[in-house]
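Only one structure is covered here, and it is reproduced in the block below.
The values are calculated or read from the model by the stated rules, or taken from the named source; none is laboratory data. Here the structure is a predicted model, which is why all the values come from computation and not from measurement. Note that each Cβ is placed from the backbone with ideal geometry, even for glycine, and that neighbours are counted across all protein chains shown. Calculation scope for accessible area: heavy atoms of the full protein, side chains included, ligands and nucleic acids excluded. Shrake-Rupley method; radii C 1.70, N 1.55, O 1.52, S 1.80 Å.
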Amino acid sequence: MPSEVTLSKVRSHHGTLIVAAAATSLIVHGGDVTESVPVWLYRHPSRPELGLLFRSDAPTILGKREHAKSFHPLILEPHPSFSVAEPLSILRDPVVDLLMTAVPGGIVFASTAVAKEWEGFSFVAADEGAIDAGVIAVADVLRRLVEALNTPHTLPAFLRTIPSEFILPAIETALIVLPDEVAQGLCAALLGWQPEQGPKRARPTFDAVPNRFPPPPEQLAADILDAIDPEAWFADAWRDLQNWVRRRNRTRDARSGAAHDLMGIGSGTESFDRSSPGYRFLRHARRLVEPRKRLSIVATARDEGLYFLEWVAHHRMVGVEHIFIYTNNNTDGSDDLLRALDAAGVINWIDNSGSVTTNINMQRKAYSHALTALPDTLDYEWTLIIDLDEFLVPHPFWKNDLTGILRARTAQKADTIAFQWHVFYVDKQVAWSDAPCFERYKISGAHPLIKSAVRTSRFAYVDCHHPAPRDDEARIWRTGDGNLQYGSRATNDIAWINGPSNNGIVCHFAIKSLEEFVWKYARGENDGSGVLLNKRFRYNTTATITSYIGFFENTPGRHYGHYDALLPELQQRIAELKALPGVSAAHDAIVANYRSQIGGLVRNSRDVISADETISVEDRARWNRIVETWEGEQRPAS
C-alpha cells in the first residue's frame, strides 16, 4: 500500500466496529460479523479533516438515504472529550451538516448537532497485511480524488479516468469541499459552458480559477448523467439549463411531473435539498446565470380559478414582469384559463401533478422545481414567493411600483426581502361575488408573519414564508424597509418580522366569506397528507372552525382604504386580460362550475360540523347560525 494512503477502521463509542450489513449495504455497527462486510475510512495527509467512508466491493447506504454510493464524504473534528488517552473524533455528515450517531445495536446515521457520547468515534489502524487488493484499488481512486481537489482544474480529467460508479460521489465531494466560486466553475465546465459563450458571470468565475477548467468531452457529460440516473429529473434539468442559457427562449410545456415528486417528499435529512446530488450540482451551476430582468412571481394554486384574473392583473400593475404558476389536480376548470393565459405569454403555467397522492407537499415540490429545474426563472433577479390569496402592495411613496423597493434593497446587497402580512377579515360576509377582493373586503390588521422575495440564483429551495437558510453560506436578509431581518426573538423563527415594516405589505385575504371558506377547505389542505381528489368539506383541527367562527362574529382590524384609488386601473387591467383569446369564456366557465357546487358544499359543511363531537355544542350552533344567514341571502326577495 502506498505510504501516502491512510486507511483505518472506525470504532464507535460502544466499542463496536462500523461495518456494512451484507444483505442491505446499510452502514451499521456491531452485530454478527458473519452478516457484515468491513467498512474503511480513507484519509489523505494533505486534508486530515476529510474522511471518505467505503466498502471495497459494493456501494453502501449511509443513514436514511435512498441511494447507495461508492463512498461517503465525512468531516472529521475532535470530540469535546478528546484526550491523548482516548482520542475520540466526531464525524460530521457535510451533506446534512449533522453529526453521525451510533445508536446502540442499530444503524449509524446523521441525527444531531451536539456531540455527546454516541457521537464519539475512534480510528483503528489497518493491518497492511489484512488489506486486500480491492480495498487498495478504491483507496487509490480516493487518493487521486483528494489530489485533484487540491488542484481543482484537474478534476474534469480525473473524472474521465475513474469507474462510472465513483463519478457521482466524487462530484458531490468536490461541491462540498471546494469554495463556492471554484465549485461553480467546475459545474460550468461539466455543463460545457465556456467564458466566451456562457452567461456573463461565468467569465470572472473562470478567471478566478487557476488554469481554468478545460472543456469536458461529451462522453464525460454522458457518464455524469448516467451516474445521477436514479434522479430521473436531473438529465432533463441539465439539458434544459444548457439549452436555455444559449438562447434564453421560453421553456414551453414545462412540467413538474412524477419524476419530480421527490422534491415534495421527506423532511429534515431526507428532504430534497439535503439528500439530492442533482440539487447540489444545479444549485452551483444556476448561480452563473446573469439575469436580464427584475422581478417574477412563483406561485402555487389548486382550484383557485375565481381569483386568477384579479391576482395576475394586480401584480402586473405593481411591477411584476412575469408569473410562474404551478397547479395540480384542478377540478374547477382552472386549466382552460391557465392555458389561455399561458398561450398569450402572460404567465408560464406548469402542471405540478405527479404520481404520488399521499405524503407529499405539493407546494414544496413546486418551489423546488422552479428554483432548481426550471431555467426560465433565472432571467429574473428577484423571485417573489406568494400565494393566490396574497397581494403585495407597495407604499404610495413608491407610486405603486415595486421596482424602487427592489433597487434600494439591491443596493444594500440583500439576498432576501421580507414583506409583512396584513390579514383581511370576513366582516360577516357569507357569499362570494365576482368583484375584486379589495372591493369586497375593507377591514385588515397587521400580522407578524412574512412572505419573501429572494435572489433567484442564490436560492434553490424555499418554504412558503422564507427561503431555507443554509449553514454553509452567509446571506443578507432584510425587511422591505431595509432593516436586517433576523426573525422573532421570542419564537426564534425567521418567518416572523422583527418589527413593523411599511414599504410593501402582503395583503392576505385568508378569511373570506363563508362560501369561500368552505370552497377552500373542500379541496383539502397542503399538509403533507396528500392530494384530496374527491372534493368534500374537511379540516384537520377544530381550531380551523372555531377561529373562523370567532373572526366572522367579531371582526378585528381597521378600515384599509389605500387601494380604493387603484381599483379603476385594476378593473381596466382585468378587462384587458379578459379580451385575450379564450380568457373570458374560461373565467365564465369557472364561475358557472363554482355556482353549481357551492350550495351543496355549504349545506354539507353544516352536516359535517354537526356530527363532529370534538367541536363544542355551542360552536356547532354558532356555525349553524352562519349557514342559516347564508341560506337567508340565497332566498329570492318576496
**OP:** Could you check, for the stretch 516-534, whether at least one of its residues is modelled with pLDDT under 85 and more than 26 Å from the chain's Cα centre (by Cα)?
**Re:** yes
Can S501 be described as in a loop (DSSP other than H, G, I, E, B), open to solvent by less than 10 Å² (accessible area, probe 1.4 Å) and either modelled with pLDDT under 90 or of a type outside the set (D, E) (or both)? yes
Can you find a residue that is within 17 Å of the chain's Cα centre (by Cα), surrounded by 21 or more Cβ atoms within 10 Å (Cβ to Cβ) and small (G, A, S) anywhere in the stretch 405-414? no
Taking the stretch 261-282 and keeping residues under 22 Å from L175 (Cα atoms) and modelled with pLDDT of 85 or more leaves M263, L282
Condition (residue is in contact with a helix residue (DSSP H, G or I) (Cβ under 7 Å, 6 or more places away or on another chain), among the charged types (D, E, K, R) and modelled with pLDDT under 55) applied to the stretch 167-189: is it met by at least one residue?
no
- Are any of the residues in the stretch 56-64 in contact with a Gly (Cβ under 9 Å, 6 or more places away or on another chain) and under 20 Å from H13 (Cβ atoms)? no
Residue check: is G120 at pLDDT 90 or above and more than 20 Å from H44 (Cα to Cα)? yes
*In the stretch 473-494, is there at least one residue being crowded, with 17+ Cβ neighbours inside 10 Å, within 23 Å of Y367 (Cα to Cα) and in contact with a His (Cβ under 7 Å, 6 or more places away or on another chain)?*
yes
For the stretch 120-142, pairs from a residue that is touching a residue at least 24 places away in the same chain (Cβ under 8 Å) to a residue that is aromatic (F, W, Y) and part of a helix (DSSP H, G or I), with Cβ under 7 Å and 6 or more apart or across chains, are V141/F166
Those residues of the stretch 428-439 which are in contact with a Ser or Thr (Cβ under 7 Å, 6 or more places away or on another chain) and buried (at least 18 other Cβ atoms within 10 Å of the Cβ) amount to Q429, V430, W432
Listed by range, strands (runs of 3 or more DSSP E) wholly within the stretch 80-170 having at least 2 residues that are open to solvent by 30 Å² or more (accessible area, probe 1.4 Å) are 108-112, 121-125
Scanning the stretch 398-427 for residues that are in a helix (DSSP H, G or I) and in contact (Cβ under 8 Å) with a residue 40 or more places away in the chain, the one nearest to D261 (Cα to Cα) turns out to be L406
With the first residue restricted to the stretch 72-97 and required to be within 15 Å of E49 (Cβ to Cβ), and the second required to be at pLDDT 95 or above and assigned to a loop (DSSP other than H, G, I, E, B), Cβ contacts under 9 Å at 6 or more apart or on different chains are none
Those helices (runs of 4 or more DSSP H) completely within the stretch 528-638 that have 2 or more residues that are closer than 22 Å to Q429 by Cα and open to solvent by less than 40 Å² (accessible area, probe 1.4 Å) are 542-553, 583-610, 617-634
Restricting attention to the stretch 5-19, the residues that are touching a Pro at 6+ places or on another chain (Cβ under 9 Å), free of Cβ contacts under 8 Å to residues at least 60 places away in the same chain and open to solvent by 40 Å² or more (accessible area, probe 1.4 Å) number exactly 1
